[in-house]
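Encoded as C-alpha cells, the structure appears first; notes follow it.
The values are calculated or read from the model by the stated rules, or taken from the named source; none is laboratory data. Since the structure is predicted, the reported quantities are computational estimates derived from the model, not experimental observations. Methodologically, a virtual Cβ is constructed for each residue, glycine included, from the backbone with ideal geometry; neighbour enumeration extends over all protein chains shown. With ligands, DNA and RNA removed, areas are computed over all heavy atoms of the protein, side chains included. Shrake-Rupley method; radii C 1.70, N 1.55, O 1.52, S 1.80 Å.
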Amino acid sequence: MDVDELRRLRRARDRMDREYAQPLDVPALARTALMSTAHFSRRFREAYSETPYSYLMTRRIERAQWLLRDSDMSVTEVCFTVGCMSLGSFSARFTQLVGESPSAYRARDHSELEVVPGCEIMVLTRPRKQFSRSA
C-alpha cells in the first residue's frame, strides 16, 4: 500500500472519528478516500484490521459509553445521539463490544475511572468484541 493510498484511507478514518454521529455509509466514506466502494473496503480492512462499518460502530459505542457514564440521557437518547438509527441494533452491538447491555453498563459503578487521567480512560474503556465460549 503506497503512502498516498494510506493518506486517503486516513482521511476517511478521520472523518469517521469526527462525524461518527452523522449518517455515514461505506460509499460516502469511499468517496472521501477517492476509491471505489469495494476497493475502499478491502484496503481499509488491510490497513486497520477491521471493516469501515466495524470501525465506525466502535467509535459510536465509545462515545455511547461516555454518555452513559457522564450524562442523564436515556439509552434511547444516547443511541440516536451517537448516530445509530435502531435501538435494537445499537444494544446488540454495544453488548457484543462491551460485554454488557447499555443499561447494565450505566448501572455499574464507574468510580474507578475518576482517578484515571482522561487520556487513559479511552484506552481502558475501548470496546473490544466479546467472544462467547462454546460449552
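Could you pull out the residue among Glu5, Glu19 that is open to solvent by 30 Å² or more (accessible area, probe 1.4 Å), at pLDDT 95 or above, more than 22 Å from Gln96 (Cα to Cα) and of a type outside the set (Lys, Arg)?
Glu19
Here is a yes/no grid of residues against (1) free of Cβ contacts under 8 Å to residues at least 24 places away in the same chain; (2) among the basic types (Lys, Arg); (3) farther than 18 Å from Phe94 by Cβ; (4) open to solvent by 40 Å² or more (accessible area, probe 1.4 Å):
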| position | (1), (2), (3), (4) |
| --- | --- |
| Ala33 | no, no, yes, no |
| Ser36 | yes, no, yes, yes |
| His39 | yes, no, yes, yes |
| Glu46 | no, no, yes, yes |
| Glu50 | yes, no, no, no |
| Met57 | no, no, no, no |
| Arg60 | no, yes, no, no |
| Ala64 | no, no, no, no |
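Looking only at segment 66-83, filter to residues that are modelled with pLDDT of 95 or more and of a type outside the set (A, V, I, L, M); which one of those is surrounded by the most Cβ atoms within 10 Å (Cβ to Cβ)?
Per the criteria, the residue is Cys79.
With respect to the numbered conditions (1) modelled with pLDDT of 95 or more; (2) in a helix (DSSP H, G or I); (3) within 17 Å of the chain's Cα centre (by Cα), which one is the sole condition not fulfilled by Ala30?
In the conditions (1) modelled with pLDDT of 95 or more; (2) in a helix (DSSP H, G or I); (3) within 17 Å of the chain's Cα centre (by Cα), Ala30 misses (3) alone.
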